[in-house]
């Protein structure tokens, strides 16, 4: 009886460690870095020029999944978030963090 109790306890501990390990690997809080509402189109164009010169912005080019709607706010937000994912940069002078996934339709933000 003692062997059975020990075996069940051991199995329970292994199960708990497995579950805890899986949860520890999950991202506890996902956030995106996107354009602030008041960021000017000229600033967003500068950001697009800078980011897309360093990182592929194919998703916001014609035919890309995030091309439509074709405006500075959407394209800028995608580029800003892409820069955040690649370089861990979210410049608070024109960008802000959000916990709301900005993805829409076929456009999936990184």
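FYI, it's all coordinate maths here, none of it is from the lab. If you're wondering where the values come from, they're calculated on a predicted model, not measured in any experiment. A quick note on method: Cβ atoms are made from the backbone with ideal geometry, for glycine too, and the neighbour counts reach across all protein chains shown.
Identify the residues of region 57-80 with backbone N under 17 Å of a label point that sits 7 angstrom from the Cα of residue 86 along the Cα-to-Cβ direction, or state none. Only 57-62, 64-67, 75-80 fall inside the zone, counting backbone N under 17 Å. Each principal axis of region 59-110 carries a Cα extent, and these read 29, 18, 18 Å when sorted largest first. By the count of other C-beta atoms within 10 Å, a proxy for reagent exposure, 51, 86 are ordered fewest to most as 86, 51.
Stokes-Einstein, applied to the Kirkwood radius of region 32-98 over Cα pairs at a viscosity of 1.567 mPa s and 4 °C, places its translational diffusion at 112 µm² s⁻¹.
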